[in-house]
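Below: the structure, in structure tokens.
The values are calculated or read from the model by the stated rules, or taken from the named source; none is laboratory data. As the structure is a prediction and not an experimental result, all values here were calculated from the model. Note: areas computed on protein heavy atoms with side chains; ligands, DNA, RNA excluded. Shrake-Rupley method; radii C 1.70, N 1.55, O 1.52, S 1.80 Å.
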Amino acid sequence: MLVACTSPQNSSVSITQSNKKTADDAFLIELQNNKEELKRLVSMEQDLKVLIAALSEQSDLQNLPASLRTQPKIEQHKIDKNLHLKTSHTKKAHGFKLSLQPVFSESSAQAQLNKVYTHLPKLETLLSSSILEQTHRLQSRFVPTLKTVKNRDDANKLCVFINNIDVLCTVEENR
């Protein structure tokens with residue numbers, strides 16, 4: 001007579017389900033951590049579609065149409081108050097403004113300002129902000145700006161910090 005030892009099959013099933021639940025939990029945590037990056041990618045995809053459409057219309061890049069040889073029309077838009085961003089209506093002040101990266105949608109420009117204010121929350125109360133619209137032909141670009149920084153050194157230091165959070169920043173003199 002032979003006696004054999006067997007293990008129950010249920011324990012391997014429960015271990016497999018436990019491993020699957022752990023993997024699912026890890027995936028959900030990673031997804032939560034990457035939500036901002038995913039939103040940014042969606043926004044960039046929209047900008048790229050607009051850019052590709054604009055570039056495909058231009059077949060001869062050597063001879064620009066007359067409509068592209070003129071200066072761009074610049075319009076200023078106030079920031080939506082629901083987003084808790086402040087604009088000021090002060091007289092022109094001497095100093096410097098920080099122009100952020102131009103984008104093809106106003107929501108992308110707003111997202112850049114929000115990202116800056118997330119990393120530098122006190123900046124919202126110190127500097128006024130606006131989104132300028134630049135129009136070439138039928139194509140618009142939106143430029144988020146922060147102003148007024150009193151001296152160039154402070155403006156340059158602030159711009160370096162903003163560049164380090166992956167938002168392109170340039171310093172310009174207020175006019």
Among (1) of a type in the set (D, E, K, R); (2) open to solvent by 70 Å² or more (accessible area, probe 1.4 Å); (3) modelled with pLDDT under 85, the one test that Asp154 misses: (3)
Can you find, within the range 104-151, the residue that is farthest from Lys39 (Cα to Cα) among those that are open to solvent by 70 Å² or more (accessible area, probe 1.4 Å) and over 18 Å from the mean Cα position of the chain (by Cα)? Lys150
